[in-house]
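Input: a single structure, listed below in structure tokens.
Any read-out appearing in this document is the output of simple, stated calculations on the displayed coordinates, not a laboratory observation. Every value quoted in this text rests on a predicted model; they were computed, and no experiment measured them. We place every Cβ from the backbone using ideal geometry, glycine too, and count neighbours over all the protein chains shown.
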Amino acid sequence: MTRLALELPDEYVFSIDLSVRASDINYGGHVGNDKMLGLMQEARIQFYYSLGIKSELHFEENVGQIISDALVIYKAESFMGDILTIQIAVQEVNKYGFDMVYHVSNKESGKEVARGKTGIVCFDYTKRRVAPLPVSLLHRMMNG
């Protein structure tokens, strides 16, 4: 069976520490696969907040985002109470969006827990269609 691969970038534009909560744990006693996507979403939202963007639905006026695809590669278990450092990079910028890459590691041990990528497509929620990437958003993401 072919396994997915994801090259990590050399630089990241944002980093945050998030605590693993009881609600993140599945019946296997570790962070559930669906919950890892939730932790990555929380990191993404906090990244946007750091840029002055208060909602994934409103980059500017009626333009927000939709997720076109998601990839998560698990490297190690994570347990309740662990502090995860999630780093974010922006890649593959195009007319309508970009990819966001996530590197998740255990803050205490430094061990890699997961890596992921989401395809972000800009979307006009009034017209209900894909919209061009706002230049102001691109500038804020790349320049802080």
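Okay, here's what the table says:
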{"item": "Fewest-first ranking of HIS139, HIS103, HIS58, using other Cβ atoms within 10 Å as the exposure measure", "result": "HIS139, HIS58, HIS103"}
{"item": "Among THR85, ASN62, LEU4 - extreme Cα towards positive end, dipole of the chain, charges at beta-carbon", "result": "ASN62"}
{"item": "Amide H contacts under 5 Å for LEU133, placed H, 5+ residues apart", "result": "TYR96, GLY97"}
{"item": "Which of THR118, THR85, THR126 has the fewest Cβ neighbours within 10 Å, and the rest in rising order", "result": "THR126, THR85, THR118"}
{"item": "Footprinting exposure proxy for TYR27, TYR74, TYR102 (fewest neighbouring C-beta atoms within 10 Å first)", "result": "TYR27, TYR74, TYR102"}
{"item": "Distant-in-sequence amide H partners of ILE120 (H built 1.01 Å from N, under 5 Å)", "result": "SER68, PHE98, ASP99, MET100"}
{"item": "In Hz, Karplus ³J(HN,Hα) per residue of region 75-86 (6.51, -1.76, 1.60; θ = phi - 60°; x = Gly, Pro)", "result": "10, 7, 6, 9, 10, 3, x, 4, 9, 9, 8, 10"}
{"item": "Karplus (6.51, -1.76, 1.60) ³J(HN,Hα), θ = phi - 60°, over region 4-10, in Hz, Gly and Pro reported as x", "result": "6, 10, 8, 6, 8, x, 7"}
{"item": "Intensity falloff of region 14-143 expressed as log10 I(q)/I(0), Debye formula with alpha-carbon point scatterers, at q = 0.14, 0.20 Å⁻¹", "result": "-0.63, -1.09"}
